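The structure appears below as structure tokens.
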């Protein structure tokens, strides 16, 4: 007699819906869903309540406090929005002003356990095309600010994670005819492959075409270039204005400048480049100004270097789940610096 399947907790189901479940966890939940119709109904109940919070849609991460979670779920404190054809769950939510039953407990558990992402984001729709997205109609946008990350799935099931200070734009009818998105900032993609409708990520100067893969991109407006690392499968990388492309496979890292040829490294440590998707900041002989830029994005603080002499210092280290004062104290100790603080402003200086 086969052993009964373990029953997923409310927190695990919320993580599955948010797209932040691990591969093994998602497989276990899908086996449980296939075991009985009422299991899928339980998941659908949670999905309806999550849908009732859009727009705006809010998600939280481990760093978000219980107090902030309650504030975000409090209807009286949310911006007033106008919706078309609200779902039954949305109407129930609006009329009661609170979540009930196991669904409410699941969402609260998700906030306490840090299942989804830091801060909150708003999905916006606007007329006309934005950037290079091929669309003659409305577009959707997902955006994060400093100190925020977000995970979600596109209409075709493709999983996306945006890092802090990042933006993804795509047509409102994404997946019907084309699958193109526009990225600014940091993005990680687990693509559902469809040879008839290739998945394309465009940046200000380049494009990446999926050939069946998991990959991460960094497209920072300041330098106009693009970094790509392939965790699985392959991608085709090229400049936006060129038909030429370079095929990258698992373990490849490429840096494509705004103009010029790509620099490729083979068999890199992919986990180093994907550390941010796990909430880790990974530095490997990184110049101090670049370290400061990342810390400001992740912690929503301002950090200054006391002199330009410090710009040549290189840092190697990994930080996870540490408050910014502790991170800066460790950096200062490692690089023989001092750190001082005034509110949300920090100063790194030579000893």
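Out of everything in the range 332-351 that is farther than 19 Å from residue 146 by Cβ and touching a residue at least 40 places away in the same chain (Cβ under 8 Å), what residue ends up being surrounded by the most Cβ atoms within 10 Å (Cβ to Cβ)?
The initial filter retains those residues of the range 332-351 that are farther than 19 Å from residue 146 by Cβ, namely 332-340, 349-351.
So of that shortlist, the ones also touching a residue at least 40 places away in the same chain (Cβ under 8 Å) come out as 335, 349-350.
Values: 335: 17, 349: 14, 350: 13.
Filtering the range 332-351 for residues that are farther than 19 Å from residue 146 by Cβ and touching a residue at least 40 places away in the same chain (Cβ under 8 Å), the one surrounded by the most Cβ atoms within 10 Å (Cβ to Cβ) comes out as 335.
If only one of 188, 170 is part of a strand (DSSP E or B) and either outside the structural domain of residue 236 (by TED's automatic domain parsing) or in contact (Cβ under 8 Å) with a residue 40 or more places away in the chain (or both), which one is it? I'd like the intermediate steps shown before the answer.
On the way: 170 fails: either outside the structural domain of residue 236 (by TED's automatic domain parsing) or in contact (Cβ under 8 Å) with a residue 40 or more places away in the chain (or both).
Exactly one residue qualifies, and that residue is 188.
Would a scan of the range 253-275 turn up a residue that is in contact with a helix residue (DSSP H, G or I) (Cβ under 7 Å, 6 or more places away or on another chain) and farther than 20 Å from residue 192 by Cα?
Just the residues of the range 253-275 that are in contact with a helix residue (DSSP H, G or I) (Cβ under 7 Å, 6 or more places away or on another chain), to begin with: 253.
Those left that are additionally farther than 20 Å from residue 192 by Cα: 253.
Yes: the range 253-275 contains one or more residues that are in contact with a helix residue (DSSP H, G or I) (Cβ under 7 Å, 6 or more places away or on another chain) and farther than 20 Å from residue 192 by Cα.
Residue 281 is checked against (1) part of a loop (DSSP other than H, G, I, E, B); (2) modelled with pLDDT of 90 or more and fails just one. What number does that condition carry?
Single failed check for residue 281: (1).
Filter the range 219-256 down to the residues that are surrounded by fewer than 19 Cβ atoms within 10 Å (Cβ to Cβ), free of Cβ contacts under 8 Å to residues at least 40 places away in the same chain and not in a strand (DSSP E or B) and list them by number.
Those that are surrounded by fewer than 19 Cβ atoms within 10 Å (Cβ to Cβ), free of Cβ contacts under 8 Å to residues at least 40 places away in the same chain and not in a strand (DSSP E or B): 220, 221, 222, 223, 224, 241, 242, 243, 244, 245, 250, 251.
Restrict the check to the range 196-218 and report whether at least one residue is surrounded by fewer than 19 Cβ atoms within 10 Å (Cβ to Cβ) and under 16 Å from the mean Cα position of the chain (by Cα).
Checking the range 196-218: not a single residue is surrounded by fewer than 19 Cβ atoms within 10 Å (Cβ to Cβ) and under 16 Å from the mean Cα position of the chain (by Cα).
The values are calculated or read from the model by the stated rules, or taken from the named source; none is laboratory data. Treat the numbers as computed from the prediction; the structure is a model and nothing was measured. A quick note on method: Cβ atoms are made from the backbone with ideal geometry, for glycine too, and the neighbour counts reach across all protein chains shown.
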